[in-house]
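Scroll down for the structure; my scribbles are underneath it.
The values are calculated or read from the model by the stated rules, or taken from the named source; none is laboratory data. Keep in mind the model is a prediction, meaning the values are calculated, not measured. Cβ placement follows ideal geometry from the backbone for every residue including glycine, while neighbour counts extend to all protein chains displayed. The area values use the complete protein model at the heavy-atom level, side chains included, leaving out ligands, DNA and RNA. Shrake-Rupley method; radii C 1.70, N 1.55, O 1.52, S 1.80 Å.
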Amino acid sequence: QITGLTASVDDCEAVLLTWDEMPGAVSYMLWRDNALLVEGVPTNAYNDSILFPGMSAQYQIAAVNTCGEGARTDSTEGTRKSIPAAIANLTASDTICAEVCLTWDNVANETGYNIYRNGDPVGSTEADITEFCDEGGTPGTEYTYVVRALNECGEGDPSEGVAGTGRSEERRVGKECR
């Protein structure tokens, strides 16, 4: 029986399956969730790019030689990583001098956030930082803001847009507007 079956859980493009070579094997058969996925695999590695992003599956492998199919391995779970979900509860506070400060709920599987004003990028934050203050707008002008979570797989869907307006031409110095 084949040993060393591993399935990735952190790849954006596919579930990467590898296993120890079986002496005398001419090919390998692979099952996903107990259904035959592919047969005739010539090497001890396979990329399952058909599995949808964010999904997990159980995999088994069997070697094939001139006498036929060998025993299946025990199941191993693999997951295809996906882009982060859209953020929720984006709010804009427009009472702080000329700034518009945004806050939102953190999402799983993110490495940061990109912030957009009227569709144009205005900033970003690092992982788990769920607030951003935009000082670049024109006071008295209303803007629409959206935030998108991102990771190595790309950007998630945009949040619902929120409106924000900087109230005066004063800038914040410490906790005061001047």
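Rolling a 1.4 Å probe over the protein heavy atoms gives the chain an accessible area of 55 Å² per residue. Mean projection of the Cα convex hull over all viewing directions, computed for region 66-141: 8.9 nm².
Which one, Gly40, Thr66, Met55, is farthest towards the positive end of the dipole of region 18-134 when Lys and Arg carry +1 and Asp and Glu -1 on their Cβ? Comparing the listed Cα positions along the dipole, Thr66 ranks first. Between Thr43 and Thr18, the simple spin-label model (points 7 angstrom out along Cα→Cβ) gives 1.1 nm. Expressed as a whole percent, the accessible area of region 21-160 that falls on carbon and sulfur atoms is 47 (1.4 Å probe). Taking R0 as 41 Å, what's the FRET efficiency between Cys133 and Gln58 from their Cβ-Cβ distance, rounded to 0.05? In this case the efficiency is close to 0.30.
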